[in-house]
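Notes to accompany the following structure.
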Amino acid sequence: MTLTEIRQILEESNIRLTKSLGQNFLHDGNQLRRIVETGKLVAEDSVLEIGPGLGPLTEQLIPACQRVLAIEKDERLVSVLSKRFAESENLELIHADALAYLRREKERDWSDWKLVANLPYSVGSPILVELALAPRNPARLVATLQWEVVQRIKAKPGTKDYGVLSLLLQLGYVAESSFKVPAGCFFPRPDVASACVALQRRERPLLVGGDIDLYVKLVKVGFGQRRKVMLKLLKNLWPESALQAAYEQVGIGLQVRAEAVSVEQFVSLAQALSNNAPSK
Ligand code: SAM
């Protein structure tokens with residue numbers, strides 16, 4: 001899909017783009033191909049695309065896999081897409097707010113699915129977190145987002161980008177690769193830099209069931225005030241004696257800040273505290 005085609009469809013359909021919906025469409029063939037390649041699709045794959053827009057990614061996904069489920073919030077775009085892809089039997093197009101849809105479908109089995117999407121930036125992180133923490137989460141997540149968000153997703157302990165987003169996504173996934181997508185590849189050109197990131201689901205989950213909720217709580221409370229000693233923050237929810245025993249078991253110092261604690265250490269802390277429900 002070229003820039004000329006995008007302009008033409010918008011004009012013919014009398015569509016003026018909505019900035020709040022993050023409507024920046026990708027028109028660079030090389031970048032689109034690279035994103036699809038990063039999905040490592042095989043013919044049997046089921047692919048979830050969130051925010052198909054006018055369908056430049058969708059048209060490459062349809063022939064590359066068995067099934068595409070595309071969720072678009074803007075009714076005008078859904079109408080364009082349903083005409084454009086009327087003949088594509090392996091495309092299911094849903095008109096919905098993707099975040100609300102995923103929350104409703106929380107129990108759905110996504111384990112054989114891959115996400116390949118140029119996400120709406122305003123809801124990109126919550127969408128990824130929702131999918132990553134689903135009980136049967138997708139095998140692979142390939143997403144184009146703000147470059148700065150991609151840095152936070154991949155970040156390692158002790159860096160300025162490391163935080164809640166890194167820990168919530170890296171619990172179930174390994175950040176495999178990422179590459180920059182230049183602003184000039186979109187129409188209209190976004191104000192921020194963009195990048196595509198590939199997250200591969202871990203072969204074995206580090207945590208299951210209720211321990212995942214505990215991990216999420218520990219991470220969120222632990223990063224409540226980034227510069228504060230984590231123990232002081234966690235003391236609001238757990239008895240100090242239980243925390244001290246858990247810290248000793250995991251082998252972390254009592255003065256440590258959350259930004260220095262690795263995914264594996266947060267996992268061990270959740271396991272060590274698993275018999276101590278938080279008080280809030
Ligand atoms: N995939 C297309 C492309 O690469 O050109 C469009 C990407 S554009 C960055 C994001 C798309 O997400 C827009 O089509 C927008 O209407 C849609 N969108 C915005 N918020 C959404 C939401 N909450 N749920 C589903 N789609 C949404």
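The values are calculated or read from the model by the stated rules, or taken from the named source; none is laboratory data. Since this is a predicted model, take the numbers as computed values, not measurements. Methodologically, a virtual Cβ is constructed for each residue, glycine included, from the backbone with ideal geometry; neighbour enumeration extends over all protein chains shown.
Scanning the stretch 9-45 for residues that are touching a residue at least 24 places away in the same chain (Cβ under 8 Å) and within 21 Å of Ala100 (Cβ to Cβ) returns Thr18, Ser20, Leu21, Gly22, Gln23.
If we keep just the residues of the stretch 18-32 that are among the polar types (S, T, N, Q) and more than 15 Å from Ala117 (Cα to Cα), which is farthest from the ligand (Cβ to nearest atom)? Ranking the qualifying residues of the stretch 18-32, first place goes to Asn30. Taken together, the criteria exclude Ala100 from residues that are part of a loop (DSSP other than H, G, I, E, B) and not polar (S, T, N, Q).
On the basis of being of a type in the set (A, V, I, L, M), surrounded by fewer than 22 Cβ atoms within 10 Å (Cβ to Cβ), part of a helix (DSSP H, G or I) and at pLDDT 95 or above, does Ala175 make the cut? No: the conditions fail for Ala175. With the condition kept exactly as written, say whether any residue in the stretch 96-104 is modelled with pLDDT under 95, within 15 Å of the chain's Cα centre (by Cα) and either within 22 Å of Glu5 (Cα to Cα) or surrounded by fewer than 17 Cβ atoms within 10 Å (Cβ to Cβ) (or both). Within the stretch 96-104, not a single residue is modelled with pLDDT under 95, within 15 Å of the chain's Cα centre (by Cα) and either within 22 Å of Glu5 (Cα to Cα) or surrounded by fewer than 17 Cβ atoms within 10 Å (Cβ to Cβ) (or both). Here is a check on your reading of the model: is Val142 within 15 Å of the ligand (Cβ to nearest atom) and under 24 Å from Arg257 (Cβ atoms)? So Val142 does not fit the description; no. Arg257: within 30 Å of Val142 (Cα to Cα) and charged (D, E, K, R), yes or no? Criteria not met by Arg257. Scanning the stretch 102-121 for residues that are in contact with a strand residue (DSSP E or B) (Cβ under 6 Å, 6 or more places away or on another chain) and within 14 Å of the ligand (Cβ to nearest atom) yields Leu115, Val116, Ala117, Asn118, Leu119, Tyr121.
Scanning the stretch 21-54 for residues that are over 18 Å from Thr4 (Cβ atoms) and not hydroxyl-bearing (Ser, Thr, Tyr) yields a total of 20. Suppose the filter is surrounded by 18 or more Cβ atoms within 10 Å (Cβ to Cβ), in the same structural domain as Ala117 (by TED's automatic domain parsing), in contact (Cβ under 8 Å) with a residue 40 or more places away in the chain and outside any loop (DSSP other than H, G, I, E, B); does Leu93 pass it? Considered against the rule, which asks whether it is surrounded by 18 or more Cβ atoms within 10 Å (Cβ to Cβ), in the same structural domain as Ala117 (by TED's automatic domain parsing), in contact (Cβ under 8 Å) with a residue 40 or more places away in the chain and outside any loop (DSSP other than H, G, I, E, B), Leu93 comes out as yes. In the stretch 103-122, the residues that are assigned by TED's automatic domain parsing to the domain that holds Ala193 form Cβ pairs under 6 Å with partners that are crowded, with 18+ Cβ neighbours inside 10 Å and basic (Lys, Arg), at six or more places apart or across chains, as follows: Lys114/Arg140. Residue check: is Leu115 buried (at least 22 other Cβ atoms within 10 Å of the Cβ), over 26 Å from Gly172 (Cα atoms) and of a type outside the set (Gly, Ala, Ser)? Against the criterion (buried (at least 22 other Cβ atoms within 10 Å of the Cβ), over 26 Å from Gly172 (Cα atoms) and of a type outside the set (Gly, Ala, Ser)), Leu115 does not qualify. In the stretch 49-90, of all residues being free of Cβ contacts under 8 Å to residues at least 24 places away in the same chain and among the small types (Gly, Ala, Ser), the one that is nearest to the ligand (Cβ to nearest atom) corresponds to Ser82. Considering Ile9, Ile35, Ile15, the condition of being part of a helix (DSSP H, G or I), within 12 Å of the ligand (Cβ to nearest atom) and closer than 18 Å to Leu77 by Cβ is satisfied by Ile9 alone.
Of all residues in the stretch 138-162, exactly one satisfies the criterion of being in contact with a Phe, Trp or Tyr (Cβ under 6 Å, 6 or more places away or on another chain), under 29 Å from Glu59 (Cβ atoms) and assigned to a loop (DSSP other than H, G, I, E, B), namely Pro138. Apart from one condition, Val150 fits all of (1) within 12 Å of the chain's Cα centre (by Cα); (2) within 11 Å of the ligand (Cβ to nearest atom); the exception is (2).
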